[in-house]
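J.: One structure, pasted below without further comment.
The values are calculated or read from the model by the stated rules, or taken from the named source; none is laboratory data. None of these values were measured; they are calculated from a predicted model. Please note: Cβ atoms are built from the backbone with ideal geometry, for glycine as well, and neighbour counts cover all protein chains shown. SASA here: full protein model, heavy atoms, side chains in, ligands and nucleic acids out. Shrake-Rupley method; radii C 1.70, N 1.55, O 1.52, S 1.80 Å.
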Amino acid sequence: MVLTHHRIQQPVGQGFFHTAMLVEDGSVFHYVFDCGSMSTYKAARNARIKAYRKTVAPSQVLDVLFISHAHADHLNGLEQLLAPGLGVDTIVMPLLDAVDRLLAFGRDLVEDAASAQNVFYRDFIVDPASALGRFNPRQILMIRPSHDGPGAPGSDGDGFGGPDGGRHIGIDPSQARLGWKAAGRGSVQIEDRKDQGGSDPLVALVDDTVAVAVPLKASKFWLLAPYVDPAVGVEQKRFKGALAAELRSSGAHALARKINSLSAGDVAQIVKKHTAALSAAYASIAKNLNVTSLCLYSGLAPQSSSLKGLYAWHSGHWQHSDAGAGERIGWLTTGDAALKERHRRKSFLEHFGKLLARVVTLTLPHHGSDHNFDRELLTATAAEMFVVAAARYGTWRHPGSHVVQEVASAGRFVSVVTSSESSVAWEWASVE
């Protein structure tokens, strides 16, 4: 018997905190997808994290931490989450270039200045791997888009025979809890970092066609398959132009000239000495510019034999269960992906392919924003439950009225998870 439990416990406001665990024959695999909130809701965020740490303390380790993108409200809870007493084995995040990180930081300077002052967050913007290294993970996997590749493992419907060639990511596969390995077709490239070695975490660049495969009972696998939705190129270009202009006006001509090839040292200078130019550049373009975001499918990998499954879903006073769920037990989160544009949405849907038919719960992109959603997310997936992580009320108007109407009119269920404990959404499943 395999048990899985997902809990979407929005710390508050515009943030996200999704926790999950897989249990099989007494072994437990814990992972977290994002952990943060707007600074306004710091107290509630801390309370949620404190409660979660109590549930995993016996294991003393988080198997995988996923970071979807560089906005502070999705990662400013990491210092508390990974404080002494709870370690982390592997951290997975999208590969972010310098402009992408500065764009995210510019948004926080304008919309949540308190979060932008956090030392860890600033260090993350300068060099994510170095900042995350302070938590002493065994490895950090930087996921890069490979949209001309074969897609996620199992996306073609031809089945899933386990990790491709027994390949593993990391120095020693015996160190990986439950023995999880890389699955799928794609490259894994160890990054050549001068500070890499000894006790430093291994850093690898991995195509998003490679997934984490957690072995379960009787040759079954649980699949954690990523997808990277890159920043909108036009928006990046506009932001770079605006930032270069602001840097020139503030006398930083050398940095302005290097705007297309900023080093970590250059980013550090901007973060420390030119925040006024950075915030002015962001404010002069627009709000809520799309940044590179990681999406994640979490569900059973296609099996050679049929499975029996029980699925239950709970949100507030609402409950749903399906005793005949079979293999249709999957969760898909979209981070802040820009899925309104047809060509970007097409790439996303093709990447997951026939895995979409296994999805029961889907978290809507960018807190349910009208600007990141299209009705095809309803028609192309089998999802019945749609989750939005958003503040109870805010100037962003999340979730968007168009999104709510589309989901509701399709006969699906919308769950808005806020800072209220009563709004927490969770799902549970067992598979034989």
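Condition check ((1) without any contact (Cβ under 8 Å) to a residue 12 or more places away in the chain; (2) in contact with a Leu (Cβ under 7 Å, 6 or more places away or on another chain); (3) on the phi > 0 side of the Ramachandran plot) across all residues:
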site: Leu75; (1), (2), (3): no, no, no
site: Leu81; (1), (2), (3): no, no, no
site: Gly85; (1), (2), (3): no, no, yes
site: Ile91; (1), (2), (3): no, yes, no
site: Leu96; (1), (2), (3): no, no, no
site: Arg101; (1), (2), (3): no, no, no
site: Ala114; (1), (2), (3): no, no, no
site: Asn118; (1), (2), (3): no, no, no
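Yes/no matrix, rows are residues, columns are (1) open to solvent by 10 Å² or more (accessible area, probe 1.4 Å); (2) modelled with pLDDT of 75 or more; (3) among the charged types (D, E, K, R):
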{"residue": "Val2", "(1), (2), (3)": "no, no, no"}
{"residue": "His5", "(1), (2), (3)": "yes, no, no"}
{"residue": "Val12", "(1), (2), (3)": "no, no, no"}
{"residue": "Phe16", "(1), (2), (3)": "yes, no, no"}
{"residue": "Asp25", "(1), (2), (3)": "yes, no, yes"}
{"residue": "Val28", "(1), (2), (3)": "yes, yes, no"}
{"residue": "Phe33", "(1), (2), (3)": "no, yes, no"}
{"residue": "Ser37", "(1), (2), (3)": "no, yes, no"}
{"residue": "Thr40", "(1), (2), (3)": "yes, yes, no"}
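J.: Among the residues of segment 124-152, write down those that are assigned to a loop (DSSP other than H, G, I, E, B) and out of contact with any Lys or Arg (no Cβ under 8 Å at 6 or more places or on another chain).
T.: Listed by number, the residues that qualify are Asp127, Arg134, Phe135, Asn136, Pro137, Arg138, Pro145, Ser146, His147, Asp148, Gly151, Ala152.
J.: Can you tell me how many residues within segment 202-240 are at pLDDT below 90 and of a type in the set (Phe, Trp, Tyr)?
T.: Here the count works out to 2.
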